[in-house]
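Chemist: Pasting a structure below so you can have a look.
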Amino acid sequence: MIDRRTRLRRLLEIELPILFILMFALAPYLWMVLTSVKPNEAISIFPVQYLPERVTFEHYSVLLAKTSFIANLGHSLLISIGAVALGLGVSVPAAYAFSRYRFRGRKATLVLFLVINMVPVVLLIIPLFVLMRSFGLLDTHLGIVMGHATFAIPFSVWMMTSYFNALPIELDEAALVDGATRLQTIRHVVLPLAMPGIVTTGIYIFVNSWNEYLFAMMLSGQSVKTVTVALQSFIGEFTVQWGLLTAAGTLIAIPVTVLFLIIQRRLVGGLTAGAVKS
Amino acid sequence: MNRPIEPLLFLLPALLVTAAVVLFPALQTVWLGLHHYILFDPDNRSFVGLNNFVAILRDELFWISLSNSIIWVVSAVGFQFLLGLVTALLLNQTFAGRSFARALVVIPWALPSVIIGLMWTWMYDLNLGVINDLLLRSGLIQTPVAWLSQPSTALGAVVLALIWQGFPFFTVMILAGLQTIPAEQYEAAEMDGATRWQCLRYITLPALRDVIATALLLRIIWVANSLDVILVMTGGGPGYSTHTLPLYAFLKAYSSMDFGYASALSLVLTLLLLLAVAVYVRRIAREVFR
């Protein structure tokens, strides 16, 4: 539609409201980052001092030197990579089957994966704790990775099925006619073309696993603590040290923000397929 | 039709892992829900039939949590939707820096619940919080308010944090829906002298009906199940003022170690959500298997 509004009306009806909403969306984040670089004396005065007179990274150095944070980053990284590997490893073949074969129970199985995504976390977390306990998997990376598989697998199956569906089946057929085996076709024809989808799905699993708190807390103990669990325990431990807490928050938030911004455009397809949990 | 063994081989790993981490545990929840089962009291475990469920109906805390859950879902999803819709309509206009604004607005959605809890707890802080500071400066309040530690404001304060986290989801969904409306419809309406408001009322919103219904259902299910932001911000308190159903079930298991009762509670939650899940799954299945 041709916009016939005057400059002033556009400013009042579009640009200012957008500015206002963007401020609402970004302010808590910016406030966290800003707090993390303020010296303690600038944090603990009231009325609030909005801009610090001097910028400091002392909270970051204390966090990295005096707490377990670096080790927690390592645990989180390992678990997220594990969740991506497990999620993609089992879901990509399954999605290929859903996309390329017609078999009895296909729709029902695909719907099953959709329903699984809607199951309340509390319904699974209680028995998973009992299960992991009896298998000795509590407080291990594998245990938490298995917990994260509960959301990683159904999501990836749906995402990847829609990606494979977008690739014409004639490609597979041409390769098969030329004498390639099914596995060669997948390896040399389908997977390279599906790579953008695989990367997007993988990043999304990574972000969700990195962000996850309940499974990570319930299934962890003294040795395997992810960053989210560690941060929550810091809140109790270093009660009023907001500089330290916000520094930890910033370090956790930045990688997922960047990853999420990279994939967000490509997520919409999977969103409407209804597979996104958070 | 291919040989049936091939797809099965491709599916098998996903099915096995899913059976191990979802299907079997879900069945075990049913089993646990029918038992008296305190984790660290293994000698006193027994089958109690539906006793846990009868106890739930008589449990005052269950009804408090249920009513908090309803307030939580209706207010959080309602405002997420309204703000998400307004944001999407605005971001669909042309203005300088539009793609930049579209990218930035999704940031709250990317963040973990623990960080959301941390940010908002810090902003709500009684003595040093920026929210009290701004409200005092603008004269809206005379003394600082302990937003998260008084029963009358705690639930609302957590809901606001969740609205903040969730509205970008609606924005992204609705923006995608807006791209599918043909421009000719607006041009024709404009020639007939329709106002902007009429265009919104008679073209945009009807065209978005399916997208909005899908997004609302998905969000209702997700928000009704979510407990991590509340757990991090208030732990269910003060008193029971921010207890919701999933949080109550979780605390029963995590703090009281009463896995039997907690399982029964989470089954009740699942039953209550079943209708929304059924409607949602039917819609998606219809779209996908057209």
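The values are calculated or read from the model by the stated rules, or taken from the named source; none is laboratory data. The model shown is predicted, which means the values in this text are computed figures rather than measured ones. Reconstructed Cβ throughout: ideal geometry from the backbone, glycine too, with neighbour counts over all protein chains shown.
Chemist: Can we say A:ILE205 is more than 22 Å from A:ILE252 (Cβ to Cβ) and either touching a strand residue (DSSP E or B) at 6+ places or on another chain (Cβ under 8 Å) or at pLDDT 90 or above (or both)?
Modeler: Spelling it out, it is not the case that A:ILE205 is more than 22 Å from A:ILE252 (Cβ to Cβ) and either touching a strand residue (DSSP E or B) at 6+ places or on another chain (Cβ under 8 Å) or at pLDDT 90 or above (or both).
Chemist: Going through B:ALA183, B:ALA215 one at a time, which residue ends up being of a type outside the set (S, T, N, Q), over 29 Å from A:ILE126 (Cβ atoms), modelled with pLDDT under 90 and under 23 Å from the mean Cα position of the chain (by Cα)?
Modeler: Step by step, each of B:ALA183, B:ALA215 is checked, and only B:ALA215 is of a type outside the set (S, T, N, Q), over 29 Å from A:ILE126 (Cβ atoms), modelled with pLDDT under 90 and under 23 Å from the mean Cα position of the chain (by Cα).
Chemist: Against the condition within 12 Å of another protein chain (Cβ to nearest Cβ) and not in a helix (DSSP H, G or I), how does B:ALA176 come out, does it pass?
Modeler: The answer is no for B:ALA176.
Chemist: Of the residues that make up the stretch B:101-119, is at least one closer than 30 Å to A:GLN241 by Cβ and aromatic (Phe, Trp, Tyr)? Walk me through it before giving the result.
Modeler: Going through the stretch B:101-119, the residues closer than 30 Å to A:GLN241 by Cβ turn out to be B:104, B:107-119.
Narrowing the set further to residues that are aromatic (Phe, Trp, Tyr) leaves B:109.
Yes.
Chemist: Let me ask you something else. Identify all residues within the stretch B:17-42 that are more than 7 Å from chain A (Cβ to nearest Cβ) and under 19 Å from A:ARG104 (Cβ atoms); write none if there are none.
Modeler: Hit for the stretch B:17-42 is B:ALA19, nothing else.
Chemist: Follow-up question, since we're still on this one. Just to check your reading of the model, which residue among A:ARG187, A:ARG182 is more than 12 Å from chain B (Cβ to nearest Cβ) and among the charged types (D, E, K, R)?
Modeler: A:ARG187
Chemist: Pick out the one residue from B:THR94, B:THR87 that is β-branched (Val, Ile, Thr) and modelled with pLDDT under 90. Break it down stepwise before answering.
Modeler: Working: B:THR87 fails: modelled with pLDDT under 90.
The match here is B:THR94.
Chemist: Do you know which residues across the stretch A:190-216 are more than 12 Å from chain B (Cβ to nearest Cβ) and under 12 Å from A:MET159 (Cα atoms)?
Modeler: Within the stretch A:190-216, A:ALA194, A:PRO196, A:GLY197, A:ILE198, A:VAL199, A:THR200, A:THR201, A:GLY202, A:ILE205 meet the criteria.
Chemist: Among the listed residues B:LEU269, B:LEU200, B:LEU217, identify the single one that is farther than 26 Å from A:ILE235 by Cβ, in contact (Cβ under 8 Å) with a residue 40 or more places away in the chain and touching a Pro at 6+ places or on another chain (Cβ under 9 Å).
Modeler: B:LEU269
Chemist: Here is a further query. Looking only at the stretch B:254-290, count how many residues are closer than 15 Å to B:LEU61 by Cα and within 7 Å of another protein chain (Cβ to nearest Cβ).
Modeler: Number satisfying all stated conditions: 3.
Chemist: Here is a follow-up. In the stretch B:13-63, what residues are over 22 Å from A:MET132 (Cα atoms), free of Cβ contacts under 8 Å to residues at least 60 places away in the same chain and not β-branched (Val, Ile, Thr)? Break it down stepwise before answering.
Modeler: From the stretch B:13-63, those over 22 Å from A:MET132 (Cα atoms) are B:47-63; that's our starting set.
Now narrow it down to the ones that are free of Cβ contacts under 8 Å to residues at least 60 places away in the same chain: B:47, B:49-51, B:54, B:57-60, B:63.
Within the stretch B:13-63, B:PHE47, B:GLY49, B:LEU50, B:ASN51, B:LEU57, B:ARG58, B:ASP59, B:GLU60, B:TRP63 qualify.
Chemist: OK, next. Residues that are in contact with an Asp or Glu (Cβ under 6 Å, 6 or more places away or on another chain) and either among the hydrophobic types (A, V, I, L, M, F, W, C) or assigned to a helix (DSSP H, G or I) (or both): does the stretch B:109-116 have at least one?
Modeler: yes
Chemist: Restricting the search to the stretch B:179-213, which residues are at the interface with chain A (Cβ under 9 Å from one of its Cβ atoms) and either among the hydrophobic types (A, V, I, L, M, F, W, C) or in contact with a helix residue (DSSP H, G or I) (Cβ under 7 Å, 6 or more places away or on another chain) (or both)?
Modeler: Across the stretch B:179-213, the qualifying residues are B:ALA183, B:TYR186, B:ALA189, B:CYS199, B:VAL211.
This table checks each residue for (1) at pLDDT below 90; (2) more than 24 Å from B:LEU111 (Cα to Cα); (3) more than 26 Å from the chain's Cα centre (by Cα).
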site: B:ILE131; (1), (2), (3): no, no, no
site: B:SER138; (1), (2), (3): no, yes, yes
site: B:LEU148; (1), (2), (3): no, no, no
site: B:SER152; (1), (2), (3): no, yes, no
site: B:GLY156; (1), (2), (3): no, no, no
site: B:ALA161; (1), (2), (3): no, no, no
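Chemist: I would also like to ask the following. What do you reckon, is B:SER75 touching a residue at least 24 places away in the same chain (Cβ under 8 Å) and either touching a helix residue (DSSP H, G or I) at 6+ places or on another chain (Cβ under 8 Å) or of a type in the set (Ser, Thr, Tyr) (or both)? I'd like the intermediate steps shown before the answer.
Modeler: Details: touching a residue at least 24 places away in the same chain (Cβ under 8 Å): yes; either touching a helix residue (DSSP H, G or I) at 6+ places or on another chain (Cβ under 8 Å) or of a type in the set (Ser, Thr, Tyr) (or both): yes.
For B:SER75, the condition - touching a residue at least 24 places away in the same chain (Cβ under 8 Å) and either touching a helix residue (DSSP H, G or I) at 6+ places or on another chain (Cβ under 8 Å) or of a type in the set (Ser, Thr, Tyr) (or both) - is met.
Chemist: For A:TYR29, are the conditions met, namely being in contact (Cβ under 8 Å) with a residue 40 or more places away in the chain, in a helix (DSSP H, G or I) and outside the structural domain of A:LEU142 (by TED's automatic domain parsing)?
Modeler: Details: in contact (Cβ under 8 Å) with a residue 40 or more places away in the chain: yes; in a helix (DSSP H, G or I): yes; outside the structural domain of A:LEU142 (by TED's automatic domain parsing): yes.
So A:TYR29 fits the description; yes.
Chemist: Need pairs with beta-carbon distance below 6 Å; first residue in the same structural domain as A:PHE234 (by TED's automatic domain parsing) and within the stretch A:43-68, second exposed (fewer than 15 other Cβ atoms within 10 Å of the Cβ) and part of a helix (DSSP H, G or I); sequence gap 6+ or separate chains.
Modeler: A:LEU64/A:ILE70
Chemist: Now for a separate question. Hey, B:ALA101 hits all of (1) touching a residue at least 12 places away in the same chain (Cβ under 8 Å); (2) closer than 30 Å to A:VAL48 by Cα; (3) within 10 Å of another protein chain (Cβ to nearest Cβ) but one; which does it fall short on?
Modeler: B:ALA101 satisfies all of (1) touching a residue at least 12 places away in the same chain (Cβ under 8 Å); (2) closer than 30 Å to A:VAL48 by Cα; (3) within 10 Å of another protein chain (Cβ to nearest Cβ) except (1).
Chemist: Then there is this: Since B:ALA249 meets every condition but one in (1) of a type outside the set (D, E, K, R); (2) part of a loop (DSSP other than H, G, I, E, B); (3) within 22 Å of A:ILE126 (Cβ to Cβ), which condition does it not meet?
Modeler: Of everything listed in (1) of a type outside the set (D, E, K, R); (2) part of a loop (DSSP other than H, G, I, E, B); (3) within 22 Å of A:ILE126 (Cβ to Cβ), B:ALA249 misses just condition (2).
Chemist: Does the stretch B:130-150 include one or more residues that are within 7 Å of chain A (Cβ to nearest Cβ), part of a helix (DSSP H, G or I) and touching a residue at least 40 places away in the same chain (Cβ under 8 Å)?
Modeler: Taking every residue of the stretch B:130-150 in turn, none turns out to be within 7 Å of chain A (Cβ to nearest Cβ), part of a helix (DSSP H, G or I) and touching a residue at least 40 places away in the same chain (Cβ under 8 Å).
Chemist: Name the residue that is farthest from A:THR140 (Cα to Cα), counting only residues in the stretch A:179-227 that are in a loop (DSSP other than H, G, I, E, B) and among the aliphatic types (A, V, I, L, M).
Modeler: The first filter runs over the stretch A:179-227 and keeps only residues in a loop (DSSP other than H, G, I, E, B), leaving A:179-181, A:212-213, A:219-226.
Among the residues that remain, those that are also among the aliphatic types (A, V, I, L, M) are: A:180, A:219, A:224.
Working: A:ALA180: 42, A:LEU219: 8, A:VAL224: 6 Å.
Restricting to residues being in a loop (DSSP other than H, G, I, E, B) and among the aliphatic types (A, V, I, L, M), the top hit is A:ALA180.
Chemist: Residue by residue through the stretch B:187-208, note down the ones that are of a type outside the set (Lys, Arg), within 34 Å of the chain's Cα centre (by Cα) and in a helix (DSSP H, G or I).
Modeler: Of everything in the stretch B:187-208, those that are of a type outside the set (Lys, Arg), within 34 Å of the chain's Cα centre (by Cα) and in a helix (DSSP H, G or I) turn out to be B:TRP197, B:GLN198, B:CYS199, B:LEU200, B:TYR202, B:ILE203, B:THR204, B:LEU205, B:PRO206, B:ALA207.
For every residue, the table says whether it meets (1) out of contact with any Phe, Trp or Tyr (no Cβ under 8 Å at 6 or more places or on another chain); (2) closer than 21 Å to A:ILE43 by Cβ; (3) buried (at least 20 other Cβ atoms within 10 Å of the Cβ).
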site: B:ALA96; (1), (2), (3): yes, no, no
site: B:LEU104; (1), (2), (3): yes, no, no
site: B:ILE116; (1), (2), (3): no, yes, yes
site: B:MET123; (1), (2), (3): no, yes, yes
site: B:VAL130; (1), (2), (3): no, yes, no
site: B:GLY139; (1), (2), (3): yes, no, no
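Chemist: Further question on the same structure: Could you list, in sequence order, the residues of the stretch A:130-158 that are surrounded by fewer than 22 Cβ atoms within 10 Å (Cβ to Cβ) and aromatic (Phe, Trp, Tyr)?
Modeler: A:PHE135
Chemist: Can you say whether B:VAL86 is part of a helix (DSSP H, G or I), within 11 Å of chain A (Cβ to nearest Cβ) and either within 19 Å of the chain's Cα centre (by Cα) or among the aliphatic types (A, V, I, L, M) (or both), as far as the supplied structure shows?
Modeler: yes
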